[in-house]
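The values are calculated or read from the model by the stated rules, or taken from the named source; none is laboratory data. None of these values were measured; they are calculated from a predicted model. Neighbour counts are summed over all protein chains in view; Cβ atoms, including those assigned to glycine, are modelled from backbone coordinates with ideal geometry. All accessible areas refer to the heavy atoms of the entire protein, side chains included, with ligands and DNA or RNA removed. Shrake-Rupley method; radii C 1.70, N 1.55, O 1.52, S 1.80 Å.
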Amino acid sequence: MAEILDIAKRGMSLIYGPPGSGKTSLALRVASRIADRVLWISTSEGPELLREAAKRLAVDPAKFDFYDFPRAFQQDIARYILDHAPSYGAVVVDSVEGVTGRQNIDVVAHSVLYQISKEKPVILVAEEETPRVAYIADHVVHVWYRKTPWDTSLDTFSWRNPD
């Protein structure tokens, strides 16, 4: 975690992985440690859910201003970020695909988000590897999980190595 915190303090970081792998949790923890005030733009979860997630992770939700933008307002989200980012110590966008759509993701990532990252940390969260953002990002973190097979036919659980 120390290495991730060190690199996320500057530039633009991309965190990607499959649903349920902990991308949002990681972004919450990292953002809470690199800035006292964080602008969090979400296109998938509401502010109340994010506040509860922060509490479960022992992260102070008061550090965050959580905003939920429906994906229907994509053209307004980038403008909102650009207008409000100067008031914050860091910016998180979860998920970056919801801000731009797949067609314009590199244009918005470079023309808006990367420019902001020259002055303050920007963390982008994505559900899958986004090559057009990964080449712009200063840091790329791939998060994944591995399902553990359990044998439930026994009274106690046992772990089997699937390899």
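Observations on the structure shown:
- Per-pair calculated FRET efficiency, R0 = 30 Å: Leu5 and Ala62 via Cβ, rounded to 0.05: 0.90
- Net length gained if the chain between Tyr135 and Leu82 were fully extended (0.36 nm per residue, minus Cα distance): 17.0 nm
- Highest-MSF residue in the chain out of Arg132, Arg33, Arg56 [GNM, Cα springs under 10 Å]: Arg56
- Eligible lysines near Lys55 by straight Cα distance, threshold 19 Å, same-chain separation 8 or greater: Lys23, Lys63
- Computed in the context of the full set of protein chains, the accessible area of the chain at 1.4 Å probe radius has 50% of its extent on carbon or sulfur.
- Based on C-alpha pairs under 8 angstrom that are at least 6 apart in sequence, region 22-98 has a relative contact order of 46 percent.
- Straight-distance crosslink candidates among aspartates and glutamates, where the alpha carbon sits under 15 Å from Lys9 and sequence neighbours closer than 8 are dropped: Asp36, Glu119, Asp138
- With 0.36 nm allotted per residue and the present C-alpha distance subtracted, the Glu119-Ala53 stretch has 21.0 nm of extension available.
- Between the amide H of Leu14 and those of Leu124, His139, Val140, Val141, distances stay under 5 Å, these residues lying 5 or more places away or on another chain, with hydrogens modeled in the peptide plane.
- Here the 3J(HN,Hα) profile of region 35-51, calculated from phi with Karplus coefficients 6.51, -1.76 and 1.60 at θ = phi - 60°, is 8, 7, 9, 10, 8, 10, 9, 10, 10, 9, 10, x, x, 5, 4, 5, 4 Hz, Gly and Pro shown as x.
- Between the amide H of Asp68 and those of Ser42, distances stay under 5 Å, these residues lying 5 or more places away or on another chain, with hydrogens modeled in the peptide plane.
- Entry note, region 35-142: relative contact order of 29 percent, from Cα contacts under 8 Å with a spacing of 6+ residues.
- Cα point-scatterer Debye curve for region 1-76, base-10 log of I(q)/I(0) at q = 0.21 Å⁻¹: -1.05
- Amide H contacts under 5 Å for Ala90, placed H, 5+ residues apart: Arg37, Leu39
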